[in-house]
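Worksheet for the structure shown next.
The values are calculated or read from the model by the stated rules, or taken from the named source; none is laboratory data. Predicted model, so just to flag it, every value in this text is computed and none were measured. Backbone-built Cβ (ideal geometry, glycine too); neighbour counts: all protein chains shown. We work out accessible area using only protein heavy atoms, side chains counted, and drop any ligands, DNA or RNA first. Shrake-Rupley method; radii C 1.70, N 1.55, O 1.52, S 1.80 Å.
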Amino acid sequence: MANDHGPSPLGPDFAYGDASVYVDAVAASRVMTRLRDALGLEGDALALAVGPVRVHGEANDYATGRRAHPFDFLQWPTVLECQASAGAPAEVVQAVTAMLEALWRSGFKAVAACDFEDELPARGGSDKYPRPVPASAGSAASPRSWWRNLMFPGKRKE
């Protein structure tokens, strides 16, 4: 995970030092403003402090410019770079949990990518947007029909 905000002050081996939260929203500033308001934080929305975690909202360099599928969260347009400035692991998990839950309540799709995903609700959000399971040979559903069901009815092509 690239971090343009410098190394974690807690040390490079601290597994709770950083996390990226991918959000399926085009404007990082809008996401940060909503997050600030939902958590009742003070200050501007460019950089927020959520407990011991400093959060910067940015455009995702890996976004493809087209609407990404729900499980392709690495291509969602906004990424919140989170860096722990202090605090115990439980405090960092609590801060990232609060962010994720606030984003979900605000209607955003959000998934955290970090070393402690399994300690977060819905495994950091990945359980909320699971990858489809390939159909077995005896199954009536197929990956092709699964994808067709995601498209808007007017956009389907036979």
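Here are the numbers for the structure shown:
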quantity	calculated
Matching entry among SER20, SER8 (being at pLDDT 95 or above, open to solvent by less than 50 Å² (accessible area, probe 1.4 Å), small (Gly, Ala, Ser) and on the phi < 0 side of the Ramachandran plot)	SER20
Unique match (being over 11 Å from the mean Cα position of the chain (by Cα) and closer than 25 Å to ALA63 by Cβ) among ALA102, ALA88	ALA102
MET1 vs. criteria at pLDDT 95 or above and closer than 17 Å to ALA112 by Cα	no
Residue under evaluation THR78, criteria (1) touching a Pro at 6+ places or on another chain (Cβ under 9 Å); (2) open to solvent by less than 50 Å² (accessible area, probe 1.4 Å); (3) hydroxyl-bearing (Ser, Thr, Tyr), criterion not met	(1)
Long-range neighbours under 6 Å by Cβ, at least six apart or interchain, first residue in contact (Cβ under 8 Å) with a residue 60 or more places away in the chain and over 18 Å from SER126 (Cα atoms) within the stretch 88-99, second surrounded by 18 or more Cβ atoms within 10 Å (Cβ to Cβ) and small (Gly, Ala, Ser)	VAL92/ALA84
Residues being at pLDDT 80 or above and not in a helix (DSSP H, G or I) - total across the stretch 60-102	14
Filter result for the condition that a residue is modelled with pLDDT under 50 and among the hydrophobic types (A, V, I, L, M, F, W, C), over PHE152, PHE116	PHE152
